[in-house]
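Written below as C-alpha cells is the structure these notes are about.
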Amino acid sequence: ETVAKGATDLAPSLERLKALQPACIVTLLGVSSGAFFRAYEQTGGGTPIAGRIDFTAAIANLSPRFVAAGGLDRAAGISVFTPSAPESGVRAFVASYREKYGLAPTLRSVFAFAATELVVDAIRRAKSDDPVAVQQALRSTQMPSMLGGTFAMDEHNHSHVMMQIVGIRGGALAVLEQAGK
C-alpha cells in the first residue's frame, strides 16, 4: 500500500490491509507516521506492526489510553538509537541533552555527537589537525560507542553500530533485543 504524499487520513488504507487478515503489517513510514498511528488507533489496532517505526511519533499521535491498554504492545521496529536504551553512555547522553535542550535527543543528534567524538579522537591520536593525518587516524579507529560495540572502519571506511529491536511494552518504549553485541 503506497501512501500519497500529504495524505492525512490513512484509515481507508489500514482498513484495506486489515481486511486481508495479515499476520503483520510492515511499515516504512516517514512523514506519514503521525497519520498512520492515528488511523491505526481509529481502526482498532490489533494487527501487529513491524518495520522502521518512529515510536516517539507513534506515542505522540496515539491516545495515552490506547498506549496504556497495550495498543502497541505487539509492535516492533529497528533502530540504532533509543533514548531508553540501558547502556550508561546512552543514559548519560540523554540526561545531558535533555538538560541542555529540554527534549529527548533524536538519532541525528546521536550521530552528530558520535561523529564529533570520532573526529576529536582521531585528531588526538594523529597529534595533528592535518586532514590527511586525521583521515588516516579515522581509518584505524577502535573507539567504543555509547550505542554498544566499537566504532571500527570497514574496507569501505564505514563504521557500523549495533542495531536494536525496539517496541512499546507496558506503555513505555523498550529495547527488546540488541543485534551485533
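Taking SER63, is it within 30 Å of TYR40 (Cα to Cα), surrounded by 14 or more Cβ atoms within 10 Å (Cβ to Cβ) and polar (S, T, N, Q)?
no
Among MET162, MET153, which is hydrophobic (A, V, I, L, M, F, W, C) and over 30 Å from ILE25 (Cβ atoms)?
One residue alone meets the criteria, MET153.
Out of the stretch 64-87, which residues are within 14 Å of ASP54 (Cα to Cα) and not aromatic (Phe, Trp, Tyr)?
Of everything in the stretch 64-87, those that are within 14 Å of ASP54 (Cα to Cα) and not aromatic (Phe, Trp, Tyr) turn out to be LEU72, ALA75, ALA76, GLY77, ILE78, SER79, VAL80, THR82, PRO83, SER84.
Would you confirm, using the coordinates I've provided, whether ALA133 is in contact (Cβ under 8 Å) with a residue 12 or more places away in the chain, surrounded by 12 or more Cβ atoms within 10 Å (Cβ to Cβ) and either out of contact with any helix residue (DSSP H, G or I) (no Cβ under 8 Å at 6 or more places or on another chain) or in a helix (DSSP H, G or I) (or both)?
For ALA133, the condition - in contact (Cβ under 8 Å) with a residue 12 or more places away in the chain, surrounded by 12 or more Cβ atoms within 10 Å (Cβ to Cβ) and either out of contact with any helix residue (DSSP H, G or I) (no Cβ under 8 Å at 6 or more places or on another chain) or in a helix (DSSP H, G or I) (or both) - is not met.
Kindly establish whether LEU17 is touching an Asp or Glu at 6+ places or on another chain (Cβ under 8 Å) and under 14 Å from LEU173 (Cβ atoms).
For LEU17, the condition - touching an Asp or Glu at 6+ places or on another chain (Cβ under 8 Å) and under 14 Å from LEU173 (Cβ atoms) - is not met.
Hey, among the residues in the stretch 91-110 that are closer than 16 Å to SER159 by Cα and touching a residue at least 12 places away in the same chain (Cβ under 8 Å), which one's surrounded by the fewest Cβ atoms within 10 Å (Cβ to Cβ)?
Looking at residues that are closer than 16 Å to SER159 by Cα and touching a residue at least 12 places away in the same chain (Cβ under 8 Å), I get LEU107.
Condition first: closer than 19 Å to GLY167 by Cα, hydroxyl-bearing (Ser, Thr, Tyr) and at pLDDT 90 or above. Can you find one or more residues in the stretch 51-61 that meet it?
No - not one qualifying residue is present in the stretch 51-61.
Take ALA58 and tell me if it is within 14 Å of ALA76 (Cβ to Cβ), surrounded by 17 or more Cβ atoms within 10 Å (Cβ to Cβ) and in contact with a helix residue (DSSP H, G or I) (Cβ under 6 Å, 6 or more places away or on another chain).
Against the criterion (within 14 Å of ALA76 (Cβ to Cβ), surrounded by 17 or more Cβ atoms within 10 Å (Cβ to Cβ) and in contact with a helix residue (DSSP H, G or I) (Cβ under 6 Å, 6 or more places away or on another chain)), ALA58 qualifies.
The values are calculated or read from the model by the stated rules, or taken from the named source; none is laboratory data. This one's a predicted model, so the numbers in the text were calculated from it and none came from an experiment. Note: ideal-geometry Cβ built from the backbone for every residue, glycine included; neighbour counts use all protein chains shown.
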